[in-house]
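Right, one structure below, let's go through it.
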Amino acid sequence: MVPATVALHVLPIAIMAHGFWKTRELNKRLKIEQEKTKRLALKQVEHAEGQPMPHHPHHHFHH
């Protein structure tokens with residue numbers, strides 16, 4: 001059995017470490033997604049070269 005006082009000291013550290021690793025994992029995934037998006041955008045630009053770019057009218061939002 002672990003004394004309650006020890007658990008009270010260890011638990012917050014364990015939770016913090018877990019949160020830290022989760023955040024790291026999320027950041028890694030975000031970076032990978034951003035890379036994918038960048039590559040897709042580059043592919044689209046390369047594909048669009050030599051073709052007229054479609055013109056998108058600017059939308060005005062009223063508050």
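The numbers here are math on the coordinates, done by the rules we state, and not lab data. The structure presented is a predicted model; accordingly, all values stated were derived computationally and were not measured. Note that each Cβ is placed from the backbone with ideal geometry, even for glycine, and that neighbours are counted across all protein chains shown.
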At 7 Å along Cα-to-Cβ for each site, give me the label-to-label distance between residue 16 and residue 43 in nm. 4.3 nm
Cα-based reach from residue 43 at 29 Å (exclusive), listing lysines while leaving out same-chain residues under 8 positions away: 28, 31
